[in-house]
1. Could you check the spin-label model distance between THR80 and MET29? Points 7 Å from the Cα along Cα→Cβ, value in nm.
2. Over the C-alpha atoms of the range 21-64, what are the Rg and the largest Cα-to-Cα span, Dmax, in Å?
3. How far, in nm, would the chain grow between LEU36 and TYR60 when pulled straight, counting 0.36 nm per residue and subtracting the alpha carbon separation?
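Read the figures in this text as sums done on the coordinates, not as results from a lab. Since this is a predicted model, take the numbers as computed values, not measurements. Every residue, glycine among them, receives a Cβ derived from its backbone with ideal geometry; neighbour counts consider all protein chains shown.
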Amino acid sequence: MIAERNFAPGNAGYIFWYDILAPAFLVVMYDIPLALFALNAGVEVGQLVFIGGVLGVLAYARQITTTLKAVKRPALFAATYAIGALAAF
């Protein structure tokens with residue numbers, strides 16, 4: 001096109017489509033992996049926060065129930081079922 005000096009408005013050809021599609025392709029190739037990484041990182045952090053909270057509640061329950069041995073076993077069962085119920089979703 002340049003060598004022929006044909007700069008007519010309808011004669012853009014493959015250069016036009018390359019200029020349109022290449023940046024769009026690069027944006028997709030850059031954004032999708034970043035979005036998937038952010039989603040995975042968020043899920044993993046959420047799981048760690050949840051397990052940390054459950055372990056904190058269990059430690060607090062064990063501290064409270066050192067004098068009440070009858071409450072210790074049901075608290076452990078309740079925490080176990082709570083983790084299982086939330087993991088089902």
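1. Between THR80 and MET29, the label points sit 5.2 nm apart.
2. For the range 21-64, the Cα-based Rg and Dmax read 19.1, 64 Å.
3. Details: separation 24, 0.36 × 24 = 8.64 nm, distance 3.61 nm.
In short, 5.0 nm is gained.
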